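See below for the structure under consideration.
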Amino acid sequence: MMPAFKSSGPTYGIELELQLIDPYTLNLATDARDLLRRMSRLKLAPGVKPEITQSMIEINSSIHDNYASLAAELGDFRDALGDVAQQMNLLIAGGGAHAFHLWRDRRIFPGERFEHISTRYGYLAKLFTVFGQHIHLGCTSADQAIYLTQALTRYLPQFIALSASSPFHQGSDTSFDSSRLNVVSAFPLSGVMPPVRDWREFEDYFHKMAGFGIVRSMKDFYWDVRPKPEYGTVEIRVCDTPLTVERAAALATYARALADFLVVSEEPDPDIYAIYSHNRFQACRYGYDGVFIDSRSGAKRTIGEDILDTLRKIRSHARAGDDPALRLIRSSVETAGNDARWLRAAYSRTQSLEDTVRLQCDLWMAGSDLEKRHTVSAPSAFF
Amino acid sequence: MSLNFLPELPLSGNLFFLSSVLLLAGSVGGALVHRFLSLPSITGFIAAGVLLGPAGLNAGELWVLDDVRALINLSISLILFELGRRLDLGWLRHDRGLLLMGTWESAISFLLMFGTLIHVGVEPLYGALASAVGISTSPAVVLLVVRELKSEGQVTRRALSLVAIDNIFALVLLTTFLPFLHFEFKAPWITALLHPLYVLSGSIALAFATHAGLILFARIGGKDKVVQLVLQLGAVLFVLGLSYMLHLSFLIAVLVLGVLSKNLDRRHDLVDVEWGYLGQTLFIVLFFLTGASLQWQDFQLAGWAVLAFLAARFVGKSLGVVAFAKKSGLSITQAIALALMLVPMGGLAVGMSYGLTDIYPAIGRHVIAITAAAVAVLYVVGPVAVQIALKWTGETHPERR
């Protein structure tokens, strides 16, 4: 069933999937049901949701129009969750994947939808215990949502590199900055939206797929970016959950400024799909150092250089309160300081994946103070 | 032709032969009970012990149980060390409800058990000692069933903390009662006063000193899990051995060592090691031997008084848990499950009782008659209660439901 597109303004919001950690083993815990029950008594409760396995929860921000208010709300979520988690002897962590959990130990969250996914996809459902950030960008019309879905595709490798925080998976260094997207790619309905011209064509496509019995709702498309008609948004889904809420809010703010720019300044490149897989792989594997190919000119540059160039183009679309976010993005690229690098440095220092996870939890709870050091210096500052 | 090279009959057993019998019989018993009756393996380990022990087939002279107390004590020590590492003092600061729960369920159950024993005519001192032992909850039973069912969650985590708190209270209270025991047996007042002080402070000091050494060795040895396993095993054996040599309480020393190693390891030099196959082997040893050592005649001796004692214990623990469930954020289902998880009492209680007989053998008649009979009953009921509680809360792994 495809809901009608509910138009919205130039606002944005995010969903963040978080790791629940057992402080005794530093492995993933299975306390999501209890945590949600306890959170249900709090004011922020409607924004906390279950996810596919009992080791995850998701927080949904409300609708914002600038960085300062989004970061403040995410900080409130972090603090409220932290208080409840402390009472339960749990830790919370950001990051796109847990460093050493094993998929077979995970437990599916009870519920019709999750059990359907588990039945349909087998072990992939438990392997899907990876943690992403979804950025929702408000659209004024359904056709604008289709336009932005296509126009943003060219920039998705930037978001992969900026958010990459899953270098370790199932107990090993994967050599990728973001290994999480390799898990998402295993799903048959992953990838990108087919090239449709407008919302009407998209509806035809959806109904054809629904008629085949392949999809039941928009949630069944695991695309890297997709329209979300019930929210009136376009949803960027390639980001790993960053290690701090400040970084999560900064990424979303960067995306919103980029969308503002795209709406007025740039037409989508019809050839982008031809080389998107290459650029996406480079971002997952090498982060900022990945080689980005511009499909219009054929020019090659690093993804980091492409981000700095984009920052210059979108400067005029920053709103009041956005400056810290764009500064964080810039300094993160200039110092090559993404979260994957931080995690590898933490492991290199401690030689222990358990200690790496512990530091990851400390960083999540410490938030902005550590974030400042994180963006300007090596992770050794934490030890 | 002389045949004097042949062994004399009847054959005399030795520790190796005994170990082989108990491991083989225990493993088979555990597997059969688990597979065909869907009961915890522990029940099978104990049943095998009862079957081959003095109360059953009485397999010859193998059961000179004093000789195997060392094995029981080693098993208990490793379990207590792991239990101590599960007690996170930081958590108790953040969840006062849990601390209050542990304190009150210990206190109420002690008072109810003591009142019951006085009511049925037990001497106050023996009643107090037996009730102090009764506060303890079996860490071995709870840990093994938790592992067997791969249970994880709030009830599981809280149960392990409460078990640790129970045993700390039981051990401290038992030591505190020592002066009265000495007075009962007309010991000089200096002995009566200094002995508990020596045992308590000496055991804690030994734990602190061993902890300091363990941290130092861990920094040198690094975080390799095999190295850490050997180091931690070495530290537990060191405490056990020195406790024997210095006449201290190895139960207190090992439990405190576990608590310190979790809560004072600020640089995280120690890693949590998987006792794995070694742990499983020691569990079989422990339950088989305690099964074999159960004194069923004690139950006939103590009779209905034991059932009343156990009822008082269960009611006391349940009241304490339920009273603070809301403060600790637990649902009523979780609270009842948590109370059920505190039902088991086992080898540790037997160990505490034997600790008393080491000081005054005559006390055995009075205290062990109650505690050993209680353990006999709870060895049957306890593992099943824990299994029911964990399945009820849904914290067990789906494959083990």
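The values are calculated or read from the model by the stated rules, or taken from the named source; none is laboratory data. Model, not experiment: these values are computed from the prediction. Glycine also receives a Cβ, built like all others from the backbone with ideal geometry; neighbour counts cover every protein chain displayed. Ligands, DNA and RNA are stripped out before the accessible areas are found, and what is left, the full protein with its side chains, is counted by its heavy atoms. Shrake-Rupley method; radii C 1.70, N 1.55, O 1.52, S 1.80 Å.
What to note about this one:
- Subset of the stretch A:1-39 [at the interface with chain B (Cβ under 8 Å from one of its Cβ atoms), open to solvent by 20 Å² or more (accessible area, probe 1.4 Å) and assigned to a loop (DSSP other than H, G, I, E, B)]: A:22, A:23, A:24, A:25
- Test result for residue A:64, open to solvent by 10 Å² or more (accessible area, probe 1.4 Å) and more than 14 Å from chain B (Cβ to nearest Cβ): yes
- Residues that are in a loop (DSSP other than H, G, I, E, B) and farther than 23 Å from residue A:165 by Cβ, drawn from the stretch A:83-108: A:88, A:89, A:107
- Top-ranked residue of the stretch A:121-144 - restricted to ones that are open to solvent by 40 Å² or more (accessible area, probe 1.4 Å) and outside any loop (DSSP other than H, G, I, E, B), ranked as farthest from the other protein chains (Cβ to nearest Cβ): A:143
- From the list B:303, B:329, the lone residue that is surrounded by fewer than 21 Cβ atoms within 10 Å (Cβ to Cβ), more than 20 Å from the chain's Cα centre (by Cα) and free of Cβ contacts under 8 Å to residues at least 24 places away in the same chain is B:303.
- Evaluation of residue B:324 against (1) open to solvent by 60 Å² or more (accessible area, probe 1.4 Å); (2) modelled with pLDDT of 95 or more; (3) not polar (S, T, N, Q) (one fails), failing number: (1)
- Close pairs from the stretch B:382-401: first among the β-branched types (Val, Ile, Thr), partner open to solvent by 60 Å² or more (accessible area, probe 1.4 Å) and part of a loop (DSSP other than H, G, I, E, B), Cβ under 8 Å, at least 6 apart: B:396/B:150
- Residues of the stretch A:13-32 that turn out to be closer than 18 Å to residue A:77 by Cα and modelled with pLDDT under 95, as a count: 0
- Residue that is surrounded by the fewest Cβ atoms within 10 Å (Cβ to Cβ), among those in the stretch B:132-162 that are away from chain A (no Cβ under 14 Å) and under 22 Å from residue B:274 (Cα atoms): B:148
- Top-ranked residue of the stretch A:70-87 - restricted to ones that are in contact with a Gly (Cβ under 7 Å, 6 or more places away or on another chain) and open to solvent by 20 Å² or more (accessible area, probe 1.4 Å), ranked as farthest from the other protein chains (Cβ to nearest Cβ): A:78
- Cβ separations smaller than 6 Å between residues 6+ apart or across chains give the following pairs from the stretch A:17-43 residues that are among the charged types (D, E, K, R) to residues that are part of a helix (DSSP H, G or I): A:34/B:154; A:38/A:84.
- Test: residue in the stretch A:170-182 that is of a type in the set (A, V, I, L, M), in contact with a strand residue (DSSP E or B) (Cβ under 6 Å, 6 or more places away or on another chain) and at pLDDT 90 or above: no
- Qualifying position, being in a helix (DSSP H, G or I), touching a residue at least 60 places away in the same chain (Cβ under 8 Å) and within 23 Å of residue A:24 (Cα to Cα), among B:231, B:240, B:255: B:255
- If you go through the stretch A:273-312 and pick out every residue that is over 21 Å from residue A:190 (Cβ atoms) and touching a Leu at 6+ places or on another chain (Cβ under 6 Å), you end up with 0.
- Matching residues, the stretch B:86-101, being open to solvent by less than 10 Å² (accessible area, probe 1.4 Å) and outside any loop (DSSP other than H, G, I, E, B): B:91, B:97, B:98, B:101
- Meets criteria (away from every other protein chain (no Cβ under 13 Å), among the hydroxyl-bearing types (Ser, Thr, Tyr) and farther than 22 Å from residue B:255 by Cα) for residue B:116: yes
- Looking across the stretch B:267-283, just one residue is open to solvent by 40 Å² or more (accessible area, probe 1.4 Å), within 14 Å of another protein chain (Cβ to nearest Cβ) and within 30 Å of residue B:21 (Cβ to Cβ), and that is B:274.
- Condition broken by residue B:358, with the remaining ones in (1) among the charged types (D, E, K, R); (2) part of a helix (DSSP H, G or I); (3) farther than 17 Å from residue B:171 by Cβ satisfied: (3)
- Test: residue in the stretch A:47-59 that is touching a residue at least 60 places away in the same chain (Cβ under 8 Å), more than 14 Å from chain B (Cβ to nearest Cβ), under 19 Å from residue A:339 (Cβ atoms) and touching a helix residue (DSSP H, G or I) at 6+ places or on another chain (Cβ under 9 Å): yes
- Taking every residue in the stretch A:269-285 that is more than 16 Å from residue A:196 (Cβ to Cβ) and touching a residue at least 60 places away in the same chain (Cβ under 8 Å) and pairing it with any residue that is surrounded by fewer than 16 Cβ atoms within 10 Å (Cβ to Cβ) and not hydrophobic (A, V, I, L, M, F, W, C), at least 6 positions away or on another chain, the pairs with Cβ-Cβ distances below 8 Å are A:285/A:175.
- Odd one out for residue B:319 among (1) within 14 Å of chain A (Cβ to nearest Cβ); (2) part of a helix (DSSP H, G or I); (3) of a type in the set (A, V, I, L, M): (1)
- Pair list, Cβ < 9 Å and 6+ apart or interchain, from the stretch B:84-113 residues that are more than 19 Å from residue B:336 (Cβ to Cβ) to residues that are surrounded by fewer than 20 Cβ atoms within 10 Å (Cβ to Cβ) and of a type in the set (Ser, Thr, Tyr): B:85/A:24; B:86/A:24; B:88/A:24
- Filter pass, residue B:223 being more than 14 Å from every other protein chain (Cβ to nearest Cβ), of a type outside the set (Gly, Ala, Ser), over 26 Å from residue B:165 (Cβ atoms) and in a loop (DSSP other than H, G, I, E, B): no
- With respect to being assigned to a helix (DSSP H, G or I), over 17 Å from residue B:347 (Cα atoms), among the aromatic types (Phe, Trp, Tyr) and in contact with a helix residue (DSSP H, G or I) (Cβ under 8 Å, 6 or more places away or on another chain), residue B:180 fits the description.
- Residues that are open to solvent by 40 Å² or more (accessible area, probe 1.4 Å) and either basic (Lys, Arg) or within 28 Å of residue A:360 (Cα to Cα) (or both) within the stretch A:111-120 comprise A:113, A:120, listed in sequence order.
- Residue selected from the stretch A:232-275 under the condition of a type in the set (S, T, N, Q) and in a helix (DSSP H, G or I), by the criterion surrounded by the most Cβ atoms within 10 Å (Cβ to Cβ): A:253
- Options A:335, A:350, A:356; residue that is open to solvent by less than 70 Å² (accessible area, probe 1.4 Å) and modelled with pLDDT of 95 or more: A:356
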